[in-house]
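Here is the structure we will look at, set down as structure tokens.
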Amino acid sequence: MSSDIRDHWLNQGIPAAVVDRMAAFEAMWGGLSLPPAPHYEGGPKIFRSDMPEMDSTGDWWFDAGDQRCSMPYGFFIGPREEFGIEDSHRRAVLHESVAGWVESLALAYRAVHWASEITKVRGAAVDRLDLSNLEPFSEVAGMSDTWWRGGEKVVAVYRGVAHLFNDPELQVATVYDGIAEAPIYLDY
């Protein structure tokens with residue numbers, strides 16, 4: 001983050017600790033061009049911090065980057081570095097961290113490549129999925145969105161939009177079956 005941008009936010013009354021968080025986000029993730037996500041209208045296109053705002057509890061949030069298309073919500077970084085979506089009234093935390101979002105994107109691309117069968121489940125059927133024999137991917141740091149694995153199956157559960165709009169019919173899960181161990185390629 002340039003000193004001009006930093007000074008701009010400080011002059012707008014944004015606390016230095018919040019500006020420091022924005023600068024740390026920029027140093028780690030700023031400018032990263034992301035592949036389209038399978039949900040959330042593709043997710044943010046490029047990570048960049050912008051528009052910090054304080055909520056009614058005194059916590060500060062800031063934008064994580066522009067959406068790929070016009071949609072009813074945007075992407076944010078929360079006060080504990082969580083990654084989520086928000087509209088003008090509500091927020092839904094998707095992952096405990098930005099790294100969790102990035103990991104979920106990587107898993108989506110890998111799972112679709114190696115699965116022999118892919119099934120999408122929507123609405124109330126998501127709640128009926130049996131995940132009891134599966135373990136969560138801890139790397140995803142899932143909150144509203146979680147990833148599960150076991151045997152030759154991987155399951156991605158997306159509840160963020162359902163939580164944001166308080167509508168369980170908007171939840172979606174993708175079940176990737178037939179994932180055998182992926183071959184390892186070596187670079188020489």
Here are some conditions: (1) within 30 Å of residue 177 (Cβ to Cβ); (2) loosely packed, with under 13 Cβ neighbours inside 10 Å. Residue 58 meets all but one. Which one does it not meet?
(1)
Of the conditions (1) out of contact with any Gly (no Cβ under 6 Å at 6 or more places or on another chain); (2) outside the structural domain of residue 138 (by TED's automatic domain parsing), residue 106 clears all except one; give me its number.
(2)
Residues being assigned to a helix (DSSP H, G or I) and hydroxyl-bearing (Ser, Thr, Tyr): count how many of those fall in region 1-46.
2
Filtered residues of region 59-71 (kept if part of a loop (DSSP other than H, G, I, E, B) and either more than 18 Å from residue 46 (Cα to Cα) or among the hydroxyl-bearing types (Ser, Thr, Tyr) (or both)):
59, 70
Looking at region 135-156 only, could you name the residues that are among the β-branched types (Val, Ile, Thr) and touching a Gly at 6+ places or on another chain (Cβ under 8 Å)?
140
Is it the case, given these coordinates, that residue 141 is under 15 Å from the mean Cα position of the chain (by Cα) and assigned by TED's automatic domain parsing to the domain that holds residue 62?
no
Can you tell me how many residues in region 79-137 are outside any loop (DSSP other than H, G, I, E, B), buried (at least 16 other Cβ atoms within 10 Å of the Cβ) and of a type in the set (Ser, Thr, Tyr)?
1
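The values are calculated or read from the model by the stated rules, or taken from the named source; none is laboratory data. On a predicted model such as this, the values are computed, not experimentally measured, just so you know. Counting neighbours? That spans all protein chains shown, and the Cβs are built from the backbone with ideal geometry, glycine included.
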